[in-house]
Structure formats: C-alpha cells, structure tokens
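The values are calculated or read from the model by the stated rules, or taken from the named source; none is laboratory data. Keep in mind it's a predicted model, so treat the numbers as computed, not measured. Virtual Cβ from ideal backbone geometry, glycine too; neighbours counted across all protein chains shown. These accessible areas exclude ligands, DNA and RNA; they are computed on the full protein's heavy atoms, side chains included. Shrake-Rupley method; radii C 1.70, N 1.55, O 1.52, S 1.80 Å.
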Amino acid sequence: LLLLLLPALPAAAPGDFDPYRVLGVGRGSSQADIKKAYKRLAREWHPDKNKDPGAEDKFIQISKAYEILSNEEKRANFDRYGDAGESQGFSQHQHRQFHRFHDGFYFDESFFHFPFSSERRDASDEKYLLHFSHYVNEIMPDSFKKPYLIKITSDWCFSCIHIEPVWKEVAQELEALGAGIGVVHAGYERRLAHHLGAHSTPTLLGLINGKITFFHNAVVRENLRQFVENLLPGNLVEKITDKNYIRFLSDWRKDNKPHVLLFDHMPVVPLLYKLIAFAYRDYLSFGYVYVGLRGTEELSSQYNINVYSPTMMIFKEHIDRPADVVQAREMKKQLIDDFLSQNKFLMVARLTNQRLFQELCPVKKSHRQRKHCVVLLTGEGEKFAEAYEAFLTFAVANTKDTLKFVYIYNERQPEFADALLMDEEKYRGRSAVVILERRNNAGKITYKVLEEAWQGSKEDNFILLDLLDQLRTDPGLLSSETVVADLNDELAPMFLIRWLYSTLDYISDCWDSLFHSNWREMMPLLSLLFSALFILFGTVIVQAFSDSSDTRDSPPSEKEETAAKTEKNDVSFSKESNSRIPKKGFVEVTELTDINYTSNLVRLRPGHMNVVLILSNSTKTPLLQKFALEVYTFTGSSSLHFSFLSLDKHREWLEYLLEFAQDAAPIPNQYDKHFLERDYTGYVLALNGHKKYFCLFKPHRSGDEGGTPGSCEDYDASLHTEARGKPSCSPGSRSIKNKLHKLSFWMERLLEGSLQRFYIPSWPALD
C-alpha cells in the first residue's frame with residue numbers, strides 16, 4: 001500500500017505547484033504582464049465557455065496562481081520558500097517540517113490535515129453568519145441602504161477552503177467602506193440557501209434593493225471589489241467640472257436636497273464615496289471633482305480647495321458659499337457619516353411627501369421633546385419669491401433644535417393647505433405662516449395661523465418672533481386642532497416610468513438567469529413551460545376543428561339571462577353606493593371574494609387579523625358607513641385588515657363556519673324551518689387565518705341601550721327557542737343604524753385578547 005501511495009505523494013506536495021508555469025510568465029515579469037496573462041487564460045479556460053472536462057480544474061489552478069503572484073507578500077514567500085505561506089496558525093518552518101513515519105519515508109504533516117468540519121471554520125465568519133429570520137427581517141430591508149456580499153459555504157468543501165484567504169481580506173476591506181457582509185452555512189441554513197438560489201458551494205452573491213445577483217468570475221480581490229461596485233446604480237455620483245458645477249448646485253430647488261461635492265486627486269470616484277452616496281441618496285445629491293483634471297481650476301479656486309487632501313462641502317440654498325465643510329487627509333466612513341447626518345435637510349425644506357413631513361416634524365413624545373414646525377404656505381413663481389426669501393432669512397437667523405422651518409406649495413398640496421387655512425379669503429393668492437405640532441401618526445395636529453398674510457416685512461418678523469417666544473413658555477398658544485391627510489408624493493416618478501424600469505429589471509434578470517443558471521436545475525421549469533404550451537396549443541387546435549355551430553346558434557338559457565340581469569343590478573348598485581362609502585383617507589374596506597379569499601384569510605401573515613362585516617345588498621350602504629366610523633380609530637394598526645362579506649352571495653359559507661366551530665362552548669346553529677329567515681347582517685367576524693380561529697360580534701338590538709356589546713338578548717339561546725315563530729332578531733325589529741352600536745368597545749377587547757375564540761379545523765372554501 002505504501003509503495004502505491006509513493007507516486008501520489010510528490011503531487012500533493014505544495015512545492016510542486018508553480019504559479020509561473022501555470023500562467024506562462026517568467027519570474028521577473030511585472031504585475032501588468034501577470035495580469036494580462038491571467039485574463040487571457042481565464043477567458044480561455046472559463047468553465048462556462050470551455051467544455052473540456054478538465055477546464056474547471058485548470059481554471060482553479062489559474063485563479064490560484066494569479067492570487068499568489070498578484071500579492072507581493074505571497075509572491076516573495078513563493079520565490080524564497082517555494083510556497084505562498086497561506087496555511088494559518090503555522091510558521092514557514094512548521095509548515096515544511098516533516099515527521100518520520102517509517103524508515104526511509106517522510107510525510108508532510110499537513111497531508112492528513114482536513115480543516116473542513118464546523119469546529120475548524122474561520123472564527124472571522126462567525127460574526128457574519130445569517131439565519132433565515134435575520135435575513136428576511138433585517139438584511140433584506142437594510143439592502144436598500146447598502147449592498148451586501150454574501151458567501152454560501154458548507155462543511156467538506158475544498159473550494160471553500162481555497163477562497164477563504166481572499167474572502168477574509170475582501171470582507172474586512174468592504175465592511176470598513178460601508179458594505180454589508182454575510183455568510184450562510186448551507187448545512188445548517190438549508191432553507192435560506194434555497195431561498196437565495198444557491199444550489200452548490202461555494203457561491204458568492206450580491207444583494208441590493210432586495211435583488212440578488214450572482215458572482216461568476218474568478219475569486220480575486222479586484223473582481224470582488226468590482227462586483228460590489230457594479231451592484232450600485234450608475235447615476236449616484238455626477239462628475240463635476242467648471243462647466244456644470246453651477247447647474248449642479250442650482251438644482252437644490254428642483255431636487256429639494258442639499259448638494260455635496262467631494263474634491264479629491266483620484267481620477268475615479270472612490271468606492272467609499274459611492275457607498276455613502278447610495279446610503280444617503282434619498283436626502284442628498286452627490287458630485288465628484290477630480291482636482292487633477294484640467295477644467296476644474298476655477299471651481300477649486302472659487303472655494304479655496306486644498307488639492308493635497310480630500311475636501312467635502314455641503315451646499316444648501318446658497319451656492320456661492322458652502323453650508324458646511326470637512327477636510328481630512330484620509331476620509332473615513334464614520335467621519336463622513338457624522339458630517340452628512342447633520343446636514344440631511346435644507347435650511348427651509350419643502351414638504352414634498354409624508355415621509356419628509358414625519359422626519360422634520362416628529363410626533364410629540366413628551367413635554368421635554370416638543371418640536372414645532374413653522375410652515376410657510378405659499379405658491380410658485382416670482383410673485384411669491386420675496387415672501388419666501390424673507391422667510392428663509394428669518395429661518396437662518398432663528399434656527400433651533402426645537403424648531404424646523406419648512407414650506408409647502410398650496411397648488412401641489414391643496415388638502416393640507418385647505419385644512420389649515422379653512423379657505424379664508426384673506427389668504428387667497430398670498431402666503432401664510434402656520435406654527436404647528438403633530439400629536440399622533442393619524443394626522444392630528446394643533447396649530448396657530450398668523451392673523452395676517454406673510455409678506456416678509458419687519459412687522460411680520462416681529463410678530464412671528466414674538467409668537468415663538470410665547471410658545472416656549474405657553475404650549476397652549478396652539479389652540480386650534482384639525483386632522484390633515486397624508487401629503488402627496490410630488491417627486492414620485494410617473495406610473496409609465498416605474499413600469500418601464502420594472503420591465504427592464506425583469507428582462508435583465510431573465511437574461512442573467514439564461515446564461516448563468518445550471519441547466520439541470522432549470523429542467524423542471526422548462527418541462528413545466530413546454531407542457532403548458534403543449535396543452536394550450538392542443539386546446540386551441542381541438543376547438544378549431546370542433547363543430548361549435550350549435551352552441552353559437554342556440555339562444556341563451558333562462559338561468560343565464562337571470563344571472564346576467566342580477567350581475568347588472570349589482571354593478572349599478574355598487575356604483576350608486578360607492579359614492580356614499582367613506583373615502584380612502586377615512587378607512588378602507590374591501591369586499592371578501594373568492595379572488596382575494598386566499599390572500600386575505602387563508603394565507604394571512606401570522607399575527608394579522610381580518611375584521612369582516614356581514615351585510616346584504618339592502619343594508620350595504622348604512623352598515624358600511626357605520627362600520628367605517630366605529631373602526632376608524634383602529635386603522636393605525638398594521639396587523640388589522642377590514643373587509644365585508646355579502647350575505648346574499650356567501651350565506652352558506654357563514655352557516656358552515658358557525659356550525660363547525662370547534663370550541664368547548666360552540667355557537668348554537670341548529671337547522672330549523674326558519675333557517676333561511678335568520679338575519680346575520682351586522683355580524684362582525686375577526687378572523688385569524690394563521691391560527692384558524694375567529695371572534696364574533698353579534699348586533700346590538702335597538703331599544704337595548706344598556707346591553708352588552710356583541711349580544712343580541714342572548715341570541716345564542718334564542719336560536720333554540722325560535723323554531724316555532726319568527727326570529728327575534730329580524731330586520732324589522734332592529735334599526736339598521738344601531739346594529740353596530742358599541743362595536744368600538746368590542747374592537748378594544750379584541751386587541752386586548754379578552755374575547756372568546758372559536759377554533760376551526762380548516763377554513764372552508766368561499767365558493
């Protein structure tokens with residue numbers, strides 16, 4: 001056995017691997033020659049292009065050779081010792097130390113060393129390990145602020161050991177620049193690995209804006225850096241010269257953002273600056289000035305730039321001078337973050353969407369954390385320019401942590417302006433100033449409007465300054481209250497543009513999958529696609545040759561005519577009644593149908609509930625109006641959804657649900673001769689789709705003002721005793737408007753979890 005192993009031992013020795021011979025270069029070759037040879041061989045032997053059985057092994061050798069020779073330290077170690085010195089935890093002497101195994105036989109101790117088990121994994125990967133819940137809840141949302149480079153690895157993975165030194169070096173470098181790093185162990189997180197689309201190890205991929213992109217090149221430092229840089233959008237940073245800097249800085253009014261300029265002597269935009277620009281793209285616009293380029297002398301001279309050290313400037317409303325400056329010999333991420341986070345907004349920002357309103361004017365949390373917003377309600381054009389400039393001057397002179405100065409264009413936010421100014425004649429066509437404080441996230445605010453229109457005169461300045469001084473000691477000065485709707489998103493792209501971008505992204509994903517996916521993994525999808533096409537064309541051919549003349553000539557049946565008339569009446573009724581249903585800003589109630597039944601109930605996310613109102617065509621409008629009023633205060637909860645169910649269409653589903661409720665005290669629902677006379681309009685069901693239970697609200701009887709919410713004079717017992725007469729809860733004995741009386745109290749008990757729950761084995765089909 002030893003004699004048979006002897007020929008294999010020299011091949012395993014690390015000294016026999018010659019990177020110079022693999023790349024075909026001499027020992028005195030420059031880095032440019034080595035890189036040129038590597039690119040030529042990598043294109044020739046890439047497994048995706050070269051179908052030779054040994055192409056993959058050859059490509060690995062080429063990548064390893066380039067990894068050694070492109071690193072000066074590893075190249076020097078190889079030239080000196082014949083080995084790159086990649087083994088961790090052992091010195092060169094220990095690595096080359098041989099032990100006597102038998103007389104005349106010597107073996108390298110690393111020959112029998114297999115560091116593949118989880119106990120021997122690099123400890124640096126431990127802090128990057130991802131789990132499925134952590135990925136979905138934290139990493140995925142965070143990918144909209146920074147790109148992630150993720151490695152999928154496993155035990156007993158030879159290639160994973162091979163790329164480990166490069167991965168460790170790149171991970172540390174990119175993390176310091178602001179990129180995210182993640183490691184997924186496919187053996188322990190199989191669900192996450194399949195979710196990411198990784199079916200082999202090692203796999204490297206990038207994640208940005210929730211989109212996954214796979215890495216397909218050789219695992220070397222330059223390729224990985226370029227891969228992360230290519231993930232970022234191409235328009236994050238604009239190149240600035242003497243010709244376009246005025247136009248760039250003057251766009252603050254159109255973009256409603258401060259503009260940032262970085263002056264540096266690097267010809268290309270540094271990756272750190274691109275990552276920072278991606279993280280702050282919603283707040284700031286970024287430009288880059290290469291100070292060594294001809295055509296930037298005027299720019300550098302005007303702002304007195306030191307060309308020998310990087311300089312970052314932020315410009316706000318005034319482009320002739322920067323609002324803030326930072327200069328350092330070496331720009332670090334923490335320094336830039338601290339600098340930009342203090343300058344995210346203009347001195348007087350325009351409220352263009354609800355998110356900006358919430359950030360600049362946060363809800364009052366305590367008396368010590370009061371923050372007031374001074375809002376200028378004005379218009380566009382030269383007519384209002386003087387009033388705006390006076391307001392800006394006042395804001396710059398009176399900036400405080402507890403005060404934020406903003407402005408709004410009345411034409412673009414008419415609902416907001418009308419709610420504050422009450423459409424008074426004295427403010428029509430003129431500017432007005434309002435001091436406000438947000439009380440909750442539902443839109444409630446307290447405010448005070450300056451009695452006269454704002455013209456920017458000295459008298460106006462004194463009046464506003466006096467009100468702000470009084471406000472510090474007397475919060476009751478804001479005596480008016482109102483509820484404002486969410487602001488319109490003025491800068492949102494048009495639907496057609498968003499659709500075009502989505503289409504381009506989808507085509508790009510399909511193109512990437514077509515050329516880089518494993519064909520064996522795509523076989524099930526292709527089989528399904530061709531099967532569907534075969535069935536489709538087969539059906540078309542059969543119908544084309546079938547004789548359908550009798551069907552075309554036959555008149556419609558009486559049942560079909562009746563159904564068509566009913567559908568027409570329903571449509572006309574819905575058009576008539578929809579105008580009377582409260583607006584979307586008030587409360588949104590959707591109809592539960594067989595189309596959305598699965599998504600709104602059966603597959604409802606854990607922790608979410610659907611509150612369903614039972615109604616009929618005759619009671620639809622008044623019940624929906626009362627229902628909207630009762631549940632409006634609970635619409636702020638993201639875990640509650642509101643729907644209504646037509647009793648005329650789905651009465652059998654409701655009876656089935658009540659009959660098969662699994663509980664120690666089931667709901668009485670015995671069939672009797674008055675089964676079809678029972679009136680369930682006004683019932684409210686709180687359905688938990690994930691845990692398969694529901695809570696029940698039963699209508700309140702008119703005339704029983706002191707009754708318990710959700711009761712109908714012990715309706716549970718009345719169902720047994722009413723078999724000989726008419727039901728006591730018929731529509732004639734109860735006012736429709738009072739059916740949902742005290743529903744809000746029942747909703748409070750629902751959120752408290754104190755209501756009785758009725759469990760069912762499974763949700764019945766709605767049809």
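Taking all protein chains as shown and a probe of 1.4 angstrom, residue 447 keeps an accessible surface of around 10 Å². What FRET efficiency comes out for residue 300 versus residue 656 if R0 is 45 angstrom and r is the Cβ-Cβ distance? Round to the nearest 0.05. Computed FRET efficiency for residue 300 and residue 656 comes out at 0.05.
Rounded to the nearest 20 debye, the dipole magnitude of the range 238-342 is 200 debye, with +1 charges on Lys and Arg beta carbons, -1 on Asp and Glu beta carbons, and the Cα centre as origin. Summary value for the range 19-80: 38 percent relative contact order, contacts being C-alpha pairs under 8 angstrom separated by 6+ residues. Working from label points 7 Å from Cα in the Cα-to-Cβ sense, the residue 31 to residue 72 distance is 0.7 nm. Other residues whose C-beta falls under 11 angstrom from the C-beta of residue 244 contribute a net charge of 0, scoring Lys and Arg +1 and Asp and Glu -1.
Between beta-carbons, use under 13 Å as the cut-off and find the net charge around residue 767, counting Lys and Arg +1, Asp and Glu -1. Intermediate results must be reported in sequence, preceding the final value.
Working: positive: 649, 651; negative: 594, 652.
It works out to a net charge of 0.
For residue 239, nonlocal amide neighbours, meaning residues 5 or more places apart or on other chains whose placed amide H falls under 5 Å from its own, are 288.
Mind giving me the FRET efficiency for residue 692 and residue 190? R0 is 25 Å, r the Cβ-Cβ distance, nearest 0.05 is fine. Walk me through the intermediate numbers first.
Details: r = 28 Å, r/R0 = 1.11.
E(calc), rounded to 0.05, equals 0.35.
With 25 Å as the limit, the listed pairs 371/444; 649/692; 127/344; 64/168 have 127/344 beyond it between alpha carbons. The label-point distance for residue 81 and residue 532, in a model that sets each label 7 Å from Cα toward Cβ, rounds to 5.8 nm.
Close amide-amide hydrogen proximity is noted between residue 591 and 644, each under 5 Å apart and 5 or more residues distant or on a separate chain (H modeled in the peptide plane; Pro and chain starts excluded). Near residue 606: Cβ cut-off under 14 Å, other residues only, Lys/Arg at +1 and Asp/Glu at -1. The net charge is +4.
Compared with the alpha-carbon gap, the fully stretched path from residue 51 to residue 455 is longer by 137.7 nm at 0.36 nm per residue.
Phi angles of the range 482-487 translate, via the Karplus equation with coefficients 6.51, -1.76, 1.60 and θ = phi - 60°, into HN-Hα couplings of 7, 10, 9, 6, 4, 6 Hz per residue; Gly and Pro are given as x. Each label point was placed 7 Å from the Cα along the Cα-to-Cβ direction; for residue 752 and residue 634 their separation is 1.3 nm.
Computed from phi, the 3J(HN,Hα) profile of the range 401-416 under the Karplus parametrisation 6.51, -1.76, 1.60 (θ = phi - 60°) reads 5, 8, 10, 10, 9, 9, 9, 9, 8, 4, 5, 8, 10, x, 5, 5 Hz, with x in place of Gly and Pro. Here the Karplus relation 6.51 cos²θ - 1.76 cosθ + 1.60, evaluated at θ = phi - 60°, turns the backbone of the range 304-318 into coupling constants of 6, 8, 7, 6, 8, 9, x, 10, 10, 10, 10, 10, 10, 6, 10 Hz, with x for every Gly and Pro. Label zone (residue 397, point 7 Å along Cα-to-C-beta; backbone nitrogen cut-off 18 Å) within the range 343-387: 347-348, 374-376, 386-387. Solvent exposure of the range 349-483, expressed per residue, is 52 Å² of accessible area, with all protein chains present and a 1.4 angstrom probe.
Using r as the Cβ-Cβ distance of residue 488 and residue 602, and R0 as 25 Å, what FRET efficiency do you calculate, to the nearest 0.05?
Numbers: r = 35 Å, r/R0 = 1.41.
Efficiency computed from Cβ-Cβ geometry: 0.10.
Rounded to the nearest 5, the antiparallel percentage of DSSP beta bridges internal to the range 349-483 is 65%.
For 634, 17, give the ranking by accessible area with the largest first, probe 1.4 Å.
Values: 634 25, 17 45 Å².
Heavy-atom accessible area, descending, gives 17, 634.
Extension gain for residue 422-residue 466 works out to 13.4 nm (0.36 nm per residue, less the C-alpha to C-alpha distance).
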